[in-house]
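Some notes on the structure that comes next.
The values are calculated or read from the model by the stated rules, or taken from the named source; none is laboratory data. Quantities reported herein were computed from a predicted structural model and do not represent experimental measurements. Backbone-built Cβ (ideal geometry, glycine too); neighbour counts: all protein chains shown. Each accessible area value is taken on the protein alone, full model and side chains, heavy atoms only, with ligands, DNA and RNA left out. Shrake-Rupley method; radii C 1.70, N 1.55, O 1.52, S 1.80 Å.
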Amino acid sequence: MPAAAGDIIESLAALLVELNQCDVRTVERGRRVAQESGQRLDKVLLQLGLVTERGLAEAYARLLHLPIATPDRYPAAEPLFADRLSTRFLRSARALPIAELDGRLLVAVADPLDNFIPAAIASAAGLPVSLLVGVPIELDAALDRLYSDGATTASDAPDAAAEPLEEDAERLKDLASEAPVIRLVNQIIARAVETQASDIHIEPFEDRLRVRYRYDGVLHEADSPPSRLTAAITSRIKIMSRLDIAERRLPQDGRIKLAVRGQEIDFRVSTIPSLYGETVVLRVLDRSTVAFDYARLGLPAAVIAKVNAALDLPNGIVLVTGPTGSGKTTTLYTGLLSLNSVARKVVTVEDPIEYQLSGVNQIQVKPQIGLNFASLLRSILRQDPDVIMVGEIRDIETAQIAVQAALTGHLVLSTVHTNSAAATISRLRDMGLEDYLLTAVLRGILAQRLVRRLCSHCAVEGDAAPELVRRFDLERRTDGRPVRLWHPVGCDKCRSTGYRGRLAIAEFLAPNAEIERLIFARAEHTEIERAAVASGMVTMFDAGLDAALAGTTTIEEVVRSIRAEA
């Protein structure tokens with residue numbers, strides 16, 4: 001490497017440390033690998049996942065005094081100079097012309113230290129080139145969108161349509177090992193992590209392969225790969241998660257652990273056979289984006305105090321309830337971490353284990369070998385635990401063993417699928433749990449939903465519509481002040497949705513003498529809820545309206561998530 005180039009790399013390394021993108025020890029580790037491999041230090045740091053692509057792009061921009069190409073600057077529809085610049089070259093160089101301005105061609109590049117790329121583009125286009133630093137994931141997405149017909153992933157991949165893929169497992173394995181397929185799957189996964197998606201949905205249809213990402217509980221469609229790569233993409237993901245690529249008739253579950261953009265990420269993988277192939281869903285389990293803190297989850301102080309009071313009790317059952325995707329597991333993990341100490345033995349039985357908690361004994365349910373919630377719970381009781389978390393109470397056998405554990409001095413945490421805290425009592429009763437056992441062990445029920453938070457960068461405040469004020473009786477909540485609500489607008493910070501992140505809307509039912517009397521009287525859940533409200537419980541819907549008036553969400557989100565009837 002020339003001396004001048006070496007000086008630039010060293011300046012870049014120092015800048016990465018200054019910007020807290022990595023530390024000195026990380027740079028030294030990368031430098032040793034770079035010397036052994038003959039590669040540039042910055043490329044080694046990126047390949048080893050020791051710096052993020054965005055962090056490296058920001059360092060390039062600061063060092064070279066170049067602007068960063070934001071997604072809105074990429075061409076919207078047609079590529080520039082498509083007749084002079086080949087798709088293969090642009091993809092290989094990770095470069096993209098984005099505008100012609102004052103007789104110069106603006107080009108976004110992933111590697112602004114490579115002088116050959118701008119020189120080659122200037123020669124082909126016949127214009128001098130000015131560089132911008134492109135974040136690779138955004139640059140790749142723009143290349144895929146603008147050059148979808150001639151994408152590397154389509155043209156460079158082997159022609160799979162001519163082979164009977166459904167009957168040739170070895171051919172599938174070969175396809176999944178091709179560089180374009182590996183690059184495409186890595187890009188799909190990296191984009192999910194970079195944009196903080198919670199799930200990736202890959203769904204085959206007759207004429208296309210649809211890729212969708214879930215952001216803040218809502219699915220958004222992304223640019224789709226060619227449909228003829230469906231089997232290869234599915235096989236690649238199954239190989240990564242150590243699943244059987246030859247088995248395409250039965251559902252399979254697996255896990256992937258990857259260093260993506262410098263972060264260690266777990267992915268939970270599920271495949272299910274469908275009409276046109278296997279539907280694949282990857283749940284992104286990024287510990288760095290999950291907040292195991294009640295306040296950061298959005299729970300109000302009054303609810304947090306009641307939850308903590310229930311968890312401080314030496315025995316009994318504390319339940320968290322809500323539909324799938326309402327944040328029950330995150331809330332339970334938060335409670336477990338508050339209870340986890342050297343003086344306590346904490347054991348969980350989960351299906352599946354989402355996050356690994358240090359100091360907690362976590363056990364995975366395996367129904368195929370008879371290892372279910374009930375059988376595991378029986379065995380766990382012999383190990384003298386102090387706190388037990390059961391992933392879900394879904395049958396009378398599990399419920400009875402959980403009650404037995406609570407009666408014998410254990411604190412049991414679990415979930416139930418119901419629509420409200422009061423409905424949980426009816427659900428346990430319907431399972432066959434006796435009323436006297438229920439009243440003896442129940443310490444509290446937290447019911448919750450997740451609603452999208454308004455984006456703090458673009459939300460605007462305005463007068464509430466008179467119809468909304470009347471429908472939800474909002475004036476009663478503002479002490480006569482004019483009712484003002486915040487509304488979503490959309491900006492580049494929130495992917496133009498107007499929402500960024502989610503918060504929990506919850507209600508906590510703590511049994512008292514009146515509620516116990518109603519349980520023994522086999523009262524309906526509506527009566528139990530009225531008694532709980534009379535004793536101070538704020539219902540989920542009322543908590544949601546309070547959040548909307550506080551400007552953290554919207555009434556539309558509250559109604560969508562809680563589905564309350566006005």
Under 22 Å between C-alpha atoms is the cut-off here; go through the chain and count lysine pairs that meet it, provided they're at least eight residues apart or on different chains. 9
Nearest 10 degrees is fine. How inclined is helix 24-37 to the longest principal axis of the chain, computing both from alpha carbons? 50 degrees
Ranked by accessible surface with a 1.4 Å probe, highest first, in what order do 436, 213 come? 436, 213
Report ³J(HN,Hα) in whole Hz for each residue of the range 319-324, in order, from the Karplus equation J = 6.51 cos²θ - 1.76 cosθ + 1.60 where θ = phi - 60°; Gly and Pro get x. 10, 10, 10, x, x, 4
Out of residues 5 or more away from residue 99 or on other chains, whose amide H comes under 5 Å of its own, with H placed 1.01 Å from N in the peptide plane? 106
On a 0 to 90 degree scale, rounded to 10, what angle separates helix 136-146 from the longest Cα axis of the chain? 80 degrees
Given a 1.4 Å probe and the protein chains all in place, what does the accessible area of residue 289 round to, in Å² to the nearest 10? 80 Å²
Restricting to the chain, compute how many DSSP beta bridges are antiparallel as a %, nearest 5. 65 percent
Long-range amide H partners of residue 21, meaning residues 5 or more apart or on another chain whose placed amide H is closer than 5 Å, are none
For the range 244-315 and the range 515-566, distance of Cα centres in Å: 27 Å
Protein accessible area in the range 411-452, 1.4 Å probe - carbon and sulfur %: 44 percent
Taking the full set of protein chains and a 1.4 angstrom probe, give the accessible area of residue 43 in square angstrom, rounded to the nearest 10. 80 Å²
Counting only residues 5 or more apart in sequence or on a different chain, those whose built amide H sits under 5 Å from that of residue 199 are 214, 284
If a/c stays under 1.5 just call it rounded; otherwise compare a/b with b/c (prolate if a/b is bigger, oblate if not). Do that for the range 73-148, with a ≥ b ≥ c from the square roots of the Cα gyration tensor eigenvalues. rounded
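Per the 1.4 Å probe, what fraction of the accessible area of the range 6-126, in percent, lies on carbon and sulfur atoms?
50 percent
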Putting +1 on Lys and Arg Cβ atoms and -1 on Asp and Glu Cβ atoms, find which of 337, 285, 372 reaches farthest to the positive end of the dipole of the chain. 337
Would you rank 270, 496 by solvent-accessible area, highest first, keeping every protein chain in place and using a 1.4 Å probe? 496, 270
Leading residue at positive end of dipole, the range 401-523 (Cβ point charges), from 483, 405, 459: 459
Integer Hz, Karplus 6.51/-1.76/1.60 couplings in order for the range 205-213, x for Gly and Pro: 10, 4, 10, 7, 10, 9, 10, 10, 10
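Among bridges DSSP assigns within the range 273-404, what percent are antiparallel (round to 5)? Could the numbers behind the result be given before it?
Numbers: 3 of 11 bridges.
Roughly 25 percent of the DSSP beta bridges within the range 273-404 come out antiparallel.
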Classified through the alpha carbon gyration tensor (a ≥ b ≥ c as square roots of its eigenvalues; rounded if a/c is under 1.5, else prolate when a/b is larger than b/c, else oblate), the range 287-334 comes out prolate
Nearest 10 degrees is fine. How inclined is helix 525-534 to the longest principal axis of the chain, computing both from alpha carbons? 90 degrees
For 31, 470, the accessible-area ranking with a 1.4 Å probe, largest leading, is 470, 31
The range 432-445 - phi-based ³J(HN,Hα) in whole Hz, Karplus 6.51/-1.76/1.60, Gly and Pro as x: x, 6, 5, 4, 5, 6, 4, 5, 6, 10, 6, 10, x, 10
